[in-house]
1. Looking only at other chains, what is the average number of their beta-carbon atoms within 10 angstrom of each beta-carbon in A:147-154?
2. Could you give the dipole magnitude of the protein assembly as shown about its Cα centre, charging the beta-carbon of Lys and Arg +1 and that of Asp and Glu -1, in debye to the nearest 20?
3. Rg and Dmax in Å for segment B:6-167, alpha carbons only: what are they?
4. Hey, with R₀ at 41 Å, roughly what FRET efficiency would B:ASP67 and A:ASN89 work out to, going by the Cβ-Cβ distance, to 0.05?
5. Compare the Cα positions of B:CYS79, B:GLN197, B:ILE116 along the charge dipole of segment B:77-207 (+1 at Cβ of Lys, Arg; -1 at Cβ of Asp, Glu; about the Cα centre) and return the one farthest towards the positive end.
6. Please give, to one decimal in nm, the separation of the simple spin-label points placed at A:GLU402 and B:ARG134, each 7 Å out from Cα toward the Cβ.
7. Taking 56 Å as R0, compute the FRET efficiency from the Cβ-Cβ separation of A:LYS315 and A:GLU389 and round it to 0.05.
8. Kindly work out what percent of the DSSP beta bridges joining two residues of the protein assembly as shown are antiparallel, to the nearest 5.
Amino acid sequence: MGSQTLFEKIWNQHVVREEPDGTTLLYIDRQLVHEVTSPQAFEGLRLAGRSPRRPLAALAVPDHNVPTTDRSQGISDPMSAVQISTLENNCAEFGIPYYGMQDIRQGIVHVIGPEQGFTLPGMTIVCGDSHTSTHGAFGALAFGIGTSEVEHVLATQCLVQKRPQTMEIRVEGTLPDYCSPKDVILAIIGRIGIGGGIGQVVEYTGAIIRSFSMEGRMTLCNMSIEAGARAGLVSPDEKTVEYVKGRPLSPQGETFEQARKAWLDLSTDSGARYDNLVELQGEDISPQVTWGTNPGMVTDVNGTVPNPADIEDEKVRSATQRALDYMGLQPSIPVCDIQIDRVFIGSCTNSRIEDLRVAAKYVQGKRVSGKVKAMVVPGSGLVKQQAEEEGLDRIFREAGFEWREPGCSMCLAMNADVLTPGERCASTSNRNFEGRQGKGGRTHLVSPAMAAAAAVEGHFVDIRSWNV
Amino acid sequence: MQAFTTLTGTVAPLNRGDVDTDQIIPKQYLKTIHRTGLKEGLFADWRSRPDGSLDPDFFSNQSRYRDATILLTGENFGCGSSREHAPWALLDYGIRCILAPSFADIFYNNCFQNGILPVVLTVQEIQTLFDRVRSQNIYQVTVNLVQQAVLVSEGERYTFDVDPFRKDCMLKGLDGIALTLQHEAAISAYESHRAHQDPWLFHDQRR
């Protein structure tokens with residue numbers, strides 16, 4: 001076989017058949033399912049008289065529409081209620097495991113997959129959700145698909161694919177204090193652009209990536225799609241094995257030992273070649289803040305909002321002007337002068353226990369600015385439970401944050417957690433598109449630490465010089 | 001899926017790059033459990049201005065584009081969310097073909113699942129088409145999938161690449177799942193091999 005990259009190893013292990021033109025029938029090990037992108041897939045199965053090939057290779061959970069306030073009264077939005085009961089009914093009909101709204105294991109699909117040991121290294125994993133790239137943190141080939149392909153995987157456990165290209169993104173050196181995996185991925189997107197990864201699977205390598213915890217690697221891989229990449233990968237190591245060990249759906253005993261050996265063999269061979277290479281030096285990375293309407297419109301916290309007049313390229317200039325108009329920002333103002341109205345700590349990017357610990361550290365003993373409304377939405381019921389055991393909920397509440405039930409919440413605002421027109425939010429989520437958090441809402445993407453500090457001060461602050 | 005062979009239609013312009021699927025169909029329209037009726041949500045936040053009035057400059061508010069079947073747009077079209085509601089909404093409006101310099105991967109894939117042909121042309125070709133659309137009241141082109149060419153009224157012919165397998169499925173309007181199920185034996189053979197080699201992947205099967 002010769003030297004292979006991590007991607008090539010996983011891909012080759014999943015080829016069911018390959019046509020002479022390279023069209024590949026790729027086996028899919030696991031599928032996560034949520035309420036928004038699955039109803040039409042189940043309906044398709046019914047209309048064709050088909051049933052899921054391996055119902056237990058899927059796991060379903062409602063996350064996009066669920067209320068994050070008291071759930072004992074059910075869901076007030078009738079359409080959301082129908083979508084969630086449809087998922088529950090479909091799972092019951094087709095025998096797919098389902099964690100309902102009252103289940104402690106309920107949460108954001110990309111949080112609960114790893115949490116339950118449903119996500120394992122070396123797997124192919126799909127979901128009707130673009131942030132499926134998150135699971136690449138385990139050295140699993142994981143990517144988002146549309147509803148037709150959700151149905152395809154349910155019916156056949158396969159997808160028809162063409163082999164993508166590969167890109168190595170190497171981040172060497174040391175990451176400065178106060179910089180997080182979120183800052184690294186935002187800096188990467190700022191460098192290669194939101195279309196920079198189109199048609200490619202990215203493998204993140206280098207000392208800084210190795211130093212990240214599994215949760216940090218999930219944050220990193222989560223936003224691969226924001227660079228346009230098909231998927232993001234980090235090769236499995238002892239940290240990966242330790243994280244997976246003992247989880248409810250992980251292998252046990254002898255099988256685990258067998259799996260561990262296979263997982264640790266997955267790393268890219270020396271001499272293997274990627275199609276493209278991007279290199280960053282950790283020392284060059286600062287806390288990041290987006291100023292515009294896509295994740296590539298990003299700058300350092302001590303930087304300024306761009307001035308369209310300084311931009312030569314006509315297309316870039318007009319896109320920048322349009323973004324500033326939408327965001328209600330004057331050209332050239334310092335990022336730290338941007339005043340905010342809301343803070344959202346949550347989403348599949350940054351709602352895990354380590355994210356909440358970091359944010360809590362920044363708000364402990366402080367008060368949320370009087371003009372800011374701030375909320376924390378844990379990624380799952382189990383994350384929420386652990387945070388409460390550690391007393392983090394008390395720290396957040398005492399500082400003036402709302403402490404909510406788990407779900408996608410204001411990352412995409414399909415439930416009641418919505419910005420009103422013109423409101424400006426420091427958000428730990430992944431997309432700052434127009435209207436993403438509510439029509440007319442203005443989103444700035446930041447790390448949990450940056451969001452927490454902004455909540456206290458009412459504007460962005462350079463946490464490197466902020467008095468914690 | 002409706003087959004796609006050749007299409008002659010009016011071109012509607014959306015001269016922006018990096019159009020994300022949150023714009024193509026905002027989240028408030030994703031609560032449906034059906035595939036149809038989604039044109040209500042198509043570019044809903046761009047169609048109207050902050051005061052609620054319709055933006056007369058937006059293509060879908062102009063009567064000349066009411067019957068448009070071809071959308072002309074900028075690079076990285078369809079980036080962001082994987083929502084198939086985006087191609088469903090375009091299809092519901094009547095769009096069967098999209099011309100752009102590049103597409104986001106998941107959206108590109110989703111188009112083929114719904115009989116919408118995404119065509120990648122060069123930046124220069126796209127610019128030429130924008131110039132012509134702007135200068136004419138109604139501008140039509142013919143997209144021929146068999147020949148893999150866009151035929152424009154000035155006698156020019158812009159060729160494009162398309163994956164042979166996808167092309168075949170589009171030309172015949174094939175059901176992708178039925179095609180895969182023809183390989184049932186290969187899938188079963190793969191599963192038994194894999195279950196033996198890496199049993200933890202098959203926690204659902206008795207060994």
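1. 6
2. Here the protein assembly as shown has a charge dipole of around 880 debye.
3. Rg, Dmax (Cα atoms, Å): 15.0, 47.
4. After rounding to 0.05, the efficiency reads 0.55.
5. The residue sitting most towards the positive pole is B:ILE116.
6. 4.5 nm
7. Given R0 = 56 Å and the Cβ-Cβ separation, E is 0.60.
8. Counting DSSP beta bridges with both partners in the protein assembly as shown, the antiparallel share is about 35 percent.
Coordinate-derived values only; no laboratory data. Please read these numbers as outputs of a predicted model, since none were measured by experiment. Counting neighbours? That spans all protein chains shown, and the Cβs are built from the backbone with ideal geometry, glycine included.
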